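For reference, the structure discussed in these notes is given below.
The values are calculated or read from the model by the stated rules, or taken from the named source; none is laboratory data. The model shown is predicted, which means the values in this text are computed figures rather than measured ones. Ideal geometry is used to build each Cβ from the backbone, glycine not excepted, and the neighbour counts take in all protein chains shown. Remember, those area values only see protein heavy atoms, side chains included, never the ligands or the DNA or RNA. Shrake-Rupley method; radii C 1.70, N 1.55, O 1.52, S 1.80 Å.
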Amino acid sequence: MKECIAAIATALAPAGLGVIRLSGRNSIEIAAKFFKSSNSSKDIKLLNGYEAAYGKILDGDFFLDDGVALVFKAPCSYTGEDVVEITCHGGLLILQEILNICTKNGARLAANGEFTKRAFLNGKLSLTQAEAVADVINAESLSYLRAVNEVKNGILYKKAKGISNKLVELDGNILVWLDYPLDDLPDIDILKFKDEIRCQKLKLDSILQNVKFEGVLKNGVQVALVGRPNVGKSTLMNLICGEEKSIVTNISGTTRDVIASSVAINGFDFKIFDTAGITDSSDVVERLGVERAINKLKTADIVLFITDNLTKDEDLDILKGYESSNIILVYNKSDLNYKKHCFSKYKFSEIVSTSHNNYSSIEKLKQAIYNVKQLGNINFNNMPLILNSRQKSSLERSSKILENLLKMLNSNVALDAIGVILEEAIDELLRLTGEKVSDVVLDDIFSKFCVGK
Amino acid sequence: MSFLLDYADVVVIGAGHAGIEAAMASARLGCKTIIFTLSLDKIANMPCNPCIGGTAKGHLVRELDALGGLMGRVADKTTIQSKILNSKRGPAVRSLRAQIDKVNYHLHMKNILELQDNLYIKQDEVIKIDVNNSKVCGVYTKLDAYIKTKAVIVACGTYLKAKTFIGTVSSSSGPDNAPAANMLSCSFKNLNINLRRFKTGTPARVNRKSIDFSKLKIQKGDEKIHSFSFFEKTEIINKIDCYIAYTNSKTHDVILKNLDRSPLYSGDIKGVGPRYCPSIEDKVVRFKDRPRHQIFVEPIGFNTNEIYLQGMSSSLPLDVQISFLKTIEGFENIDIMRPAYAIEYDCCNPTDLYPTLEFKCVGGLYGAGQFNGTSGYEEAAVQGFVAGVNAARKVRNLSAFILTRASSYIGTLIDDLVTKGCTEPYRIMTARSEYRLLLRHDNADRRLSEIGHSIKTLSDEDYGIFCEKQKLIKTLKEGLEKAIIRPTEELNAKLLSLNTSKISFPRKFTDLIKRPELNFDILQEYCEFDCKNLNFEIKEELEIDFKYEEFIKSQQEKLLKFKEMEDEKLPVNIDYENISGLRKEAREKLNAIKPINLGQASRISGVNPADIVVLSVWLNINRNCL
């Protein structure tokens, strides 16, 4: 069986359910690492083909979603390999997150049409079907080319190239030192080498940081309004967005599902989500609403934690585990002139007082939302446009390899092994440009060193 | 008018390092083999360095030995100084390098060829290759002899239309003043095989008595001496010392002042030289800020005063050579016996070859060694072996013998040559292998001896030695994997003195040995499993296996992926022009290289991953009709 690949199998559009598919060597083991069946006798590693288990999808200890895993055993599957299909609760962000977990655990992102290609290679398709697949793949080769060409002209190329050039130079230093032990070359200065690696890793990470901005530009910043029932979330949402999207009553628990709207602030797109008030209600519908609110809270870029005169310290518990730098504390109903509770445990990004009859306070809130993500700092000229998730995952892998490399250097691993690992990092970067690592490194050696008999 | 001299299964042109391995392999596989040399006195000649091995090259020699080749055994018998390189820099790149007695090596090799059954040595010059229906059928010699044959291996080194340069004096001559082979090139042209010009060079040989050694730094051989051969253990002793000298600014001034008298700079030499083996004038020009360059002063034999000056190859005129050498400390009274020279020669483009080293356009015609665009005795020898085995197997209707990149440096070298080609003389380096943590010199037998035995180049007797050793290693490994080291005061004192942390509870031997500060010899004292009386080479092999366990595992995973691609065979008669979806550049490259599997196709420059996908899909649709 070939290496495990993973992809989102359903259309990339908002839907009630979504499916992630893994296929290939160890696909069941990989899925078992993050999918925990609620019934331990139904651990997916123990399942037969065509059997399913209900369970939790975890990112480490962090609960992401619940769902159903369906296991297929080779050769009885679409691809003819071991396959796991995980059905979960839609939401592109959740699906994307689960896909990230798959790759973290050893799967590779599938190329376009790769499942079908495997199905075809394993004799699961008829010749006509196969030819159709071939056409698709031919088309893919064109789009690959276009992508590479675009990368080559873009800022990403320049940046990735700059980093890989430096890494190639570092690798060249090691290789020539290893291959020409008799020449009087200077020894490798490990401290300096480590610094250089660290510096290149930072550069990579800053490109990846910009990728996050890119997501923001494409999909908008996700802002969730969270708080106890009846603190005025829906009113605020309607005020921020300037439209009556949420139903507003003074009955606690009016909002039972996540309600979305959007607003432009300083030219940027913000998606605002009104959620059900967090409460221990025994009402089934309300409880489901609360669960969704918590999920929204976890995936949002920014959280507005709305409080009023009745909010207490323990209400803050729902924010546990959430990055506090992305939370804005809102004292709503400021017209009541209540004593503002000081939530000293938390360091909020901003604190704003609002009232439904004070329009300028709403404007202040909007500005605060805008400020959290420091969108004003995006330099559009410098922003490398990441073209697809495969390229992003190349950058991520490269950064990860460098991180391991630094660990290895700290434990004094010999340089022959370091060189090999460094080449893996370079290889990942060169994927973006279509070059081959061995050619690049050797050229560098000969242009820089005076070696040989 | 030519006469029919003889019939042979395989004819080998040239008795250098490639030719002799080719001829020996073919003869030992039962093929009647004739080997031609311009002079019997030049068999296995070392016209450059009197040395075998070095980084990656030492790996090649070990690999060749593991397969049953000759070079390692004969090197062991004629070594005058032996050294392991990189003993501290990294276990995977450690390699053996031995100074060799040049004359002795030649005599040994010549005698081995003379004694070999099925092998006939002829002093004559092959001037034409006879081809019928795109298949080799014979060769013509200068003395009008015609030999009928099924396979020809071209291993003519740097002799084809060779031209040497010493300053402005150039002559039609091979290395060491041997005659050049001027006729054969034309035969290749008639076969539509393109040749090109490469260039290399060698330094002066000087008389030992003219050097003041008190001013030089001495270089001793190793105390613990390794041998190249896994099977035939020769007792090796260091018979000589080597020395190091340095150029200085005066040397560089002399060279720079006389650059216009170098044929390299005047444009007389058109061949492409190796960047990794620059002449001294190249070094001085390209690396202006280097205050000095190193010179290795190496005797070329035990019974001679001739000394080789590694690092000083040059094409400058003799008077300039004398004056720049005299500026060097210790060389004030230097006496040059043979001057340095540059040599230019014809060679083929190795992308015209299959990985068996057979020409794509002429069946039964093989190339090996410097003729294929490589440099170095070791690179030549391994190609000779591969070409010899393949020629013999083809004559006997057996399958092709191809080593993969993942198996060996031999496989890496040949794959590089036939897939990527070379634009300068190709030298093997550890940097060329992506599997270099697996391809070590200590485990070459483990990697290749099974194969050597199965193709019958490794004798049953040697294979027996191999099996014994593997059995021993297996037992030792199992024992050591279970072995426990208990904390004692003595041990902890030792650990602290070596700058590593002490232990407070019993630890596995295999865990402790992973610490960079520790090695086998230190730990064996505290180990409950008795391993004190082991041969040091076996200890080294085990130690690296344990220390690098994690990296070895990850490289083996990479290897699995590699194998998937190598297993997708591509027939060589595919016309890539007819495959829709491939880009134009990819079609052209694929048609030129004719890769034998998807893996090789993916390594061709100009073939991108999308082309490979197209190709694999096409392959699956058409598998049944190919």
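Yes/no per residue for (1) surrounded by fewer than 16 Cβ atoms within 10 Å (Cβ to Cβ); (2) hydroxyl-bearing (Ser, Thr, Tyr); (3) more than 16 Å from B:Arg405 (Cβ to Cβ):
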| site | (1), (2), (3) |
| --- | --- |
| B:Phe536 | yes, no, yes |
| B:Asp545 | no, no, yes |
| B:Glu568 | no, no, no |
| B:Gly581 | no, no, yes |
| B:Ile612 | no, no, yes |
| B:Trp618 | no, no, yes |
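Residues to consider are B:Glu566, B:Glu577; find the one that is at pLDDT 80 or above, acidic (Asp, Glu) and under 34 Å from the mean Cα position of the chain (by Cα).
Values: B:Glu577 fails: under 34 Å from the mean Cα position of the chain (by Cα).
Only one candidate qualifies: B:Glu566.
A quick yes/no check of all residues on (1) farther than 15 Å from B:Lys250 by Cβ; (2) surrounded by 23 or more Cβ atoms within 10 Å (Cβ to Cβ):
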position	(1), (2)
B:Val297	yes, yes
B:Leu309	yes, yes
B:Leu318	yes, no
B:Gln321	no, yes
B:Phe324	no, yes
B:Arg338	yes, no
Candidates B:Asn591, B:Asn573, B:Asn624 - the one that is open to solvent by 10 Å² or more (accessible area, probe 1.4 Å) and over 22 Å from B:Phe359 (Cβ atoms)
B:Asn624
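One line per residue, one yes/no per condition, for (1) more than 9 Å from every other protein chain (Cβ to nearest Cβ); (2) in contact with a Pro (Cβ under 7 Å, 6 or more places away or on another chain); (3) hydroxyl-bearing (Ser, Thr, Tyr); (4) not in a helix (DSSP H, G or I):
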| site | (1), (2), (3), (4) |
| --- | --- |
| B:Arg587 | yes, no, no, no |
| B:Ala592 | yes, no, no, no |
| B:Pro595 | yes, no, no, yes |
| B:Gln600 | yes, no, no, no |
| B:Val607 | yes, no, no, yes |
| B:Asp611 | no, no, no, no |
| B:Ser616 | no, no, yes, no |
| B:Leu619 | yes, no, no, no |
| B:Arg623 | yes, no, no, no |
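Okay, residues lined up against (1) under 17 Å from A:Ala119 (Cα atoms); (2) open to solvent by 30 Å² or more (accessible area, probe 1.4 Å); (3) not assigned by TED's automatic domain parsing to the domain that holds A:Leu297:
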position: A:Thr10; (1), (2), (3): no, yes, yes
position: A:Glu29; (1), (2), (3): no, yes, yes
position: A:Ala32; (1), (2), (3): no, no, yes
position: A:Ser38; (1), (2), (3): no, yes, yes
position: A:Tyr78; (1), (2), (3): yes, yes, yes
position: A:Glu81; (1), (2), (3): yes, no, yes
position: A:Glu97; (1), (2), (3): no, yes, yes
position: A:Asn100; (1), (2), (3): no, yes, yes
Going through (1) under 17 Å from the mean Cα position of the chain (by Cα); (2) away from every other protein chain (no Cβ under 14 Å); (3) open to solvent by 10 Å² or more (accessible area, probe 1.4 Å) one by one, A:Asp65 fails only at (3)
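Inspect all residues belonging to region A:323-342 and state whether any of them is within 14 Å of A:Gly227 (Cα to Cα) and either touching a His at 6+ places or on another chain (Cβ under 6 Å) or part of a loop (DSSP other than H, G, I, E, B) (or both). Don't jump to the end; show me each part of the working.
Taking region A:323-342 and keeping what is within 14 Å of A:Gly227 (Cα to Cα), we get A:327-333.
From what's left, either touching a His at 6+ places or on another chain (Cβ under 6 Å) or part of a loop (DSSP other than H, G, I, E, B) (or both): A:332-333.
Looking for residues that are within 14 Å of A:Gly227 (Cα to Cα) and either touching a His at 6+ places or on another chain (Cβ under 6 Å) or part of a loop (DSSP other than H, G, I, E, B) (or both), one finds at least one in region A:323-342, hence yes.
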Any residue in region B:1-29 that is open to solvent by 20 Å² or more (accessible area, probe 1.4 Å) sitting within a Cβ distance under 6 Å of a residue that is β-branched (Val, Ile, Thr) and modelled with pLDDT under 95? List the pairs, counting only those 6 or more apart or interchain.
none
Scanning for something under 16 Å from B:Ser323 (Cβ atoms) and open to solvent by less than 20 Å² (accessible area, probe 1.4 Å), does region B:253-264 turn up at least one residue?
yes
Got at least one residue in region B:435-455 being out of contact with any strand residue (DSSP E or B) (no Cβ under 8 Å at 6 or more places or on another chain), at the interface with chain A (Cβ under 9 Å from one of its Cβ atoms), open to solvent by 20 Å² or more (accessible area, probe 1.4 Å) and within 28 Å of B:Leu590 (Cβ to Cβ)?
no
Between A:Lys104, A:Lys45, A:Lys73, A:Lys117, which is more than 18 Å from the chain's Cα centre (by Cα), at pLDDT below 90 and within 25 Å of B:Glu557 (Cβ to Cβ)?
A:Lys117
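Out of the residues in region A:216-233 that are within 16 Å of A:Val372 (Cα to Cα) and at pLDDT below 85, state the one that is most open to solvent (accessible area, probe 1.4 Å). It would help to see each step written out before you state the result.
In the first step, residues of region A:216-233 are kept if they are within 16 Å of A:Val372 (Cα to Cα); the result is A:216-217, A:220-225.
This time we only want the ones that are at pLDDT below 85, so: A:216-217, A:220-222.
Details: A:Val216: 14, A:Leu217: 67, A:Gly220: 4, A:Val221: 0, A:Gln222: 27 Å².
Only one residue fits best here, namely A:Leu217.
Which residue out of B:Ile237, B:Ile225, B:Ile211 is surrounded by fewer than 15 Cβ atoms within 10 Å (Cβ to Cβ) and touching a strand residue (DSSP E or B) at 6+ places or on another chain (Cβ under 9 Å)? Steps first, answer last, please.
On the way: B:Ile225 fails: surrounded by fewer than 15 Cβ atoms within 10 Å (Cβ to Cβ); B:Ile211 fails: surrounded by fewer than 15 Cβ atoms within 10 Å (Cβ to Cβ).
That would be B:Ile237, the only listed residue that is surrounded by fewer than 15 Cβ atoms within 10 Å (Cβ to Cβ) and touching a strand residue (DSSP E or B) at 6+ places or on another chain (Cβ under 9 Å).
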Output the residue which, of all residues in region B:534-583 that are β-branched (Val, Ile, Thr) and touching a residue at least 40 places away in the same chain (Cβ under 8 Å), is farthest from the other protein chains (Cβ to nearest Cβ).
B:Val572
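Identify, from the list B:Ile414, B:Ile343, the residue that is assigned to a strand (DSSP E or B), touching a helix residue (DSSP H, G or I) at 6+ places or on another chain (Cβ under 8 Å), in contact (Cβ under 8 Å) with a residue 12 or more places away in the chain and surrounded by 22 or more Cβ atoms within 10 Å (Cβ to Cβ).
Details: B:Ile414 fails: assigned to a strand (DSSP E or B).
The conditions single out B:Ile343.
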Criterion: among the hydrophobic types (A, V, I, L, M, F, W, C) and open to solvent by 10 Å² or more (accessible area, probe 1.4 Å) - qualifying residue of B:Val61, B:Val103, B:Val93
B:Val103
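Residue by residue, here is whether (1) within 14 Å of chain A (Cβ to nearest Cβ); (2) outside any loop (DSSP other than H, G, I, E, B); (3) touching a helix residue (DSSP H, G or I) at 6+ places or on another chain (Cβ under 8 Å) holds:
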{"position": "B:Ile237", "(1), (2), (3)": "no, no, no"}
{"position": "B:Thr251", "(1), (2), (3)": "no, yes, yes"}
{"position": "B:Asp260", "(1), (2), (3)": "no, yes, yes"}
{"position": "B:Cys277", "(1), (2), (3)": "yes, no, no"}
{"position": "B:Val284", "(1), (2), (3)": "yes, yes, yes"}
{"position": "B:Ile295", "(1), (2), (3)": "yes, yes, no"}
{"position": "B:Asn303", "(1), (2), (3)": "no, no, yes"}
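Can you spot a residue in region B:518-526 that is within 14 Å of chain A (Cβ to nearest Cβ), surrounded by 17 or more Cβ atoms within 10 Å (Cβ to Cβ) and under 27 Å from A:Leu415 (Cα atoms)? Spell out how you get there, then give the answer.
Filtering region B:518-526 for residues within 14 Å of chain A (Cβ to nearest Cβ) gives B:518-519.
Next cut, surrounded by 17 or more Cβ atoms within 10 Å (Cβ to Cβ) only: B:518.
Cutting the leftovers down to under 27 Å from A:Leu415 (Cα atoms) gives us B:518.
Yes.
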I'd like the full set of residues that are modelled with pLDDT under 85 and either open to solvent by less than 50 Å² (accessible area, probe 1.4 Å) or not assigned by TED's automatic domain parsing to the domain that holds A:Ile302 (or both), limited to region A:356-372.
A:Tyr370, A:Val372
Residue among A:Leu191, A:Leu175, A:Leu204, A:Leu236 that is assigned by TED's automatic domain parsing to the domain that holds A:Ile272, part of a helix (DSSP H, G or I) and either in contact with a Ser or Thr (Cβ under 9 Å, 6 or more places away or on another chain) or at pLDDT 90 or above (or both):
A:Leu236
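Please work out which residue is surrounded by the fewest Cβ atoms within 10 Å (Cβ to Cβ), limiting yourself to region B:132-179 and to residues that are among the charged types (D, E, K, R) and assigned to a loop (DSSP other than H, G, I, E, B).
Start the filter on region B:132-179 by keeping residues that are among the charged types (D, E, K, R), which leaves B:135, B:142, B:144, B:148, B:150, B:161, B:163, B:176.
Those left that are additionally assigned to a loop (DSSP other than H, G, I, E, B): B:142, B:144, B:161.
Values: B:Lys142: 15, B:Asp144: 12, B:Lys161: 19.
That would be B:Asp144.
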Can you spot a residue in region B:79-88 that is part of a strand (DSSP E or B) and free of Cβ contacts under 8 Å to residues at least 60 places away in the same chain?
yes
